[in-house]
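Worksheet for the structure shown next.
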Amino acid sequence: MISKILVPLDGSQLAEQILPYAHRLGEVFKAPVELLSVADSQTRAPFKPSGGDEDYLKTVAGQFPATVKIHATVEVGNPAEVIVKRAKLEPGCLIAMVTHGFSGIKRWLLGSVATKVIQAAENPLLLVRAGGRAEVKSTVRLDSIIVPLDGSKLAESVLPAVLDFARSMESEVVLAGAYQLPATAYYRADDASGAEAFIPSYQEMVAAMSRETREYLDAKVNELRGQGLPRVRAEILEGPAAEQIIDLARNTTGSLIAMCTHGRSGLRRWMLGSVTEKIVQHSRDPVLVIRAT
């Protein structure tokens, strides 16, 4: 359960694009929102946080409705380190931030800070790629939660958080499994005797992988329904996992992608860290990232 939402801001319109999501989640989970500004110790004299930062955060806080409790904090230090440290104080804290874009002279390089936070934070993260300008009170829709699964326990470690989000926001859950034939499937090989080795036909291999993926996802759908989640379905995808998940989210109204960060799931499966990184970098939809255990 989310007990607090930590929102790092650097005074830029790019960073503020996370605010509608903080507004929505603060209301849904009845969780306080902490607006955090970090005076980078490499570009500003230490022990002298700018009064402008405090005034800025107060202005942003005033845009939130009275139903959401807001707290503003200004600190001095390395932005990524401060964000990770403050979130770690409360295990139920969700870090919500924008991932891309240079936010201004002597400010944070958002992509770099977000990457460091993803790598170091033990807390869950909600990441939104910078796009058009968004107001705090603008409505964001999180009607569907897309959950990439590859058959591993590591990938499934995101499911408890997904259940929490789906129940609180009354969202549909879409369990997505992507399969792709290895490069060797397109070649014929010779065995040690020089005789041509048997390789199943392309159609047979595709059918087998599709069937395996379907059976696995159907079992997970039934499992989640048994836990009281009525709106859950499976989506079978063929092709590179990251690209397929991004396209699915793009074509699904009000989607949130939820996945874990680390762990190789097995031979000819996904490298979860790599897939997550690609999705965070390229998805135009928000991504919920949970540290795999």
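Data for the structure
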{"item": "Whole-Å distance, taken between Cα centres, linking region 1-25 and region 219-265", "result": "24 Å"}
{"item": "Long-range amide H partners of residue 34 with built H, under 5 Å", "result": "5, 6, 7, 71"}
{"item": "Sequence of 162, 206 once ranked by neighbouring C-beta atoms within 10 Å, starting from the fewest", "result": "206, 162"}
{"item": "Ascending count of other beta-carbon atoms within 10 Å, so fewest first, for 201, 255", "result": "201, 255"}
{"item": "Contour excess over end-to-end distance, with Cα ends at residue 214 and residue 115 and 0.36 nm allotted per residue", "result": "32.3 nm"}
{"item": "Residue 76 long-range amide H proximity, modeled H, under 5 Å", "result": "39"}
{"item": "For 67, 261, order by how many other beta-carbon atoms lie within 10 Å, fewest first", "result": "67, 261"}
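Just so you know, all these numbers are worked out from the coordinates, no wet-lab data involved. This is a predicted model, so every value here is computed, not measured. Every residue, glycine as well, gets a Cβ built from its backbone with ideal geometry; the counts of neighbours run over all protein chains shown.
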